[in-house]
1. Kindly flag which residue pairs out of LYS342/LYS372; LYS49/LYS301; LYS146/LYS292; LYS229/LYS251; LYS40/LYS148 have an alpha-carbon separation exceeding 28 Å in this structure.
2. Would you please give the residues with an amide H less than 5 Å from that of ARG51, counting only those at least 5 places away or on a separate chain, with H modeled from the backbone geometry?
3. Hey, if you put +1 on the Cβ of every Lys and Arg and -1 on every Asp and Glu Cβ in segment 137-257, which of GLY227, ALA137, THR151 ends up farthest toward the positive end of that dipole?
4. Of the labelled options [x] 36, 30, 19; [y] 49, 35, 21; [z] 40, 25, 20, which one gives semi-axes √(5λ) of the Cα gyration tensor in Å as computed for this structure?
5. Mind grabbing the accessible area of CYS127 for me, 1.4 Å probe, Å², rounded to tens?
6. Using a 1.4 Å probe, how large is the accessible area of MET155, given in Å² and rounded to the nearest 10?
7. Helices from the chain with mean Kyte-Doolittle at least 1.0 and a Cα length along the axis of 18 Å or more, per DSSP H: which?
8. Working with all protein chains in place, sort THR366, THR436 by solvent-accessible area computed with a 1.4 Å probe, largest first.
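The values are calculated or read from the model by the stated rules, or taken from the named source; none is laboratory data. Just so it is clear, the structure is predicted and the values come from calculations on it, not from any experiment. Cβ coordinates were reconstructed from backbone atoms using ideal geometry, including for glycine residues, and neighbour counts include every protein chain displayed. Accessible surface areas use protein heavy atoms only, side chains included; no ligands, DNA or RNA. Shrake-Rupley method; radii C 1.70, N 1.55, O 1.52, S 1.80 Å.
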Amino acid sequence: MILLFTACFLLLHLASSESFIGVNYGIVADNLPAPEATAKLLQSTSISKVRMYGADGAMIRALANTGIGIVIGASNGEIPALASDPNFATQWVNSNVLGYYPDSNIIIITVGNEVMTAVDQSLVPLCLPAMQNLQNALNAASLGGKIKVSTVHSMAVLGSSDPPSSGVFNSGFSDTMKSLLKFHSANGSPFMINPYPFFAYQTDTRLETLAFCLFQPNSGRIDSANGIKYMNMFDAQVDAVRSALNAVGFKDVEIVVAETGWAYKGDPNEAGASIENARAYNGNLINHLRSKVGTPLMPGKSVDTYIFALYDEDLKPGPQSERSFGLFKPDLSMTYDAGLSKNTQTPTTPTTPATPTTPTTPVQATGWCVPKAGVSDAQLQSNLDYVCSQGLDCGPLQPGGACFEPNTVASHAAYAMNLLYQTDGRNPWNCDFLQTATLTSNNPSYNGCIYPGGS
């Protein structure tokens with residue numbers, strides 16, 4: 001009976017969680033909730049995976065029988081011993097894996113964090129031997145095909161990333177990177193990367209760039225080499241990595257986004273760090289992943305993505321932003337609503353934050369979302385392009401579709417903007433579109449073109 005209950009519980013959790021949504025759990029803090037409380041919090045969300053930077057036994061144990069996938073890590077400081085001593089790798093697996101698995105669903109072991117670009121460059125040639133020794137220890141325990149071994153990289157391992165099709169690895173890492181990729185290919189383990197549109201925005205603070213980074217309506221950016229139009233920075237960064245992998249012949253190696261997020265607070269010189277922007281980025285990212293539209297170079301699937309971070313880490317050094325990425329507070333309340341709660345599977349994130357006082361709890365609006373009078377065709381076309389790039393059904397706007405006529409930008413944009421509003425939560429801030437939209441109680445449907453919503 002107990003086994004049957006546990007199996008049913010796991011099925012219920014997995015049915016309401018989403019396999020591509022993960023979160024990072026850092027512990028550089030003195031105010032974190034108890035592991036058991038954190039495990040319960042995670043089970044109340046659609047988060048299906050947790051990445052740790054070490055191997056916290058209490059947290060691993062708390063996640064037992066939850067079905068949540070667990071990524072554990074060997075620290076940079078452990079790399080020399082792991083690389084030089086196979087017995088140390090065996091002991092590491094015995095201590096941090098065998099004592100918990102399979103009740104605790106450990107899925108990946110990461111060796112170090114951003115080793116290639118670390119200050120201590122002596123670790124670079126040691127990373128692969130450490131990974132190999134851990135892989136051998138897993139194989140000896142008959143876990144080689146069940147738990148993968150990888151390492152995590154910053155975007156700085158790319159020598160070029162713009163446009164995405166030009167993505168190549170930094171020539172200084174060429175030989176080491178190829179050896180790592182041969183390991184990934186042979187063992188079916190993922191290439192793990194940390195793309196941060198937040199940091200990209202710091203170097204280009206134009207309003208258009210902010211919209212591009214936050215998955216908000218924008219004119220898009222065309223890759224001049226292949227003509228692909230990118231509508232957000234996340235896809236562009238991930239596809240740059242895909243291009244780099246393809247360029248060296250490793251099309252079979254999968255990508256996992258090990259970290260991405262947006263700071264909700266920062267120092268005065270940290271542009272864009274705000275509650276509104278953090279909610280917009282993470283909420284729209286989650287929406288994008290749920291759409292399963294994928295990226296232009298990897299369409300039709302969502303890359304496993306670990307959002308940074310579950311909690312703030314109040315003891316981290318550095319600028320304010322380093323301590324301000326948490327989705328949840330130590331009291332387990334939300335810092336802002338990114339749409340992760342199982343009770344609000346549709347994100348309540350604003351498509352474009354209107355004011356600093358935007359509420360963080362859902363406030364259902366009624367009616368339809370339509371363009372404001374006097375908005376230019378250029379802006380409406382941008383809104384139209386954005387909506388139809390999000391995996392929503394723009395079929396009625398195609399030739400022969402119920403809403404194709406009149407064949408004008410204004411008419412097509414009106415239908416598309418309302419479609420996104422109705423899909424994204426029907427909150428007032430979902431009908432903003434850089435202040436080019438408004439709510440109306442007058443049904444804009446006409447002839448056979450039926451606008452969803454209204455109740």
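1. Working: LYS342/LYS372 34 Å; LYS49/LYS301 17 Å; LYS146/LYS292 25 Å; LYS229/LYS251 22 Å; LYS40/LYS148 26 Å.
Exceeds cut-off: LYS342/LYS372.
2. For ARG51, the qualifying residues are VAL23, ASN24, TYR25, VAL71.
3. The listed residue farthest towards the positive side: ALA137.
4. [z]
5. Approximately 0 Å² for this residue.
6. 40
7. Sorted by number, the helices that extend far enough and score high enough are 2-16.
8. Descending order: THR366, THR436.
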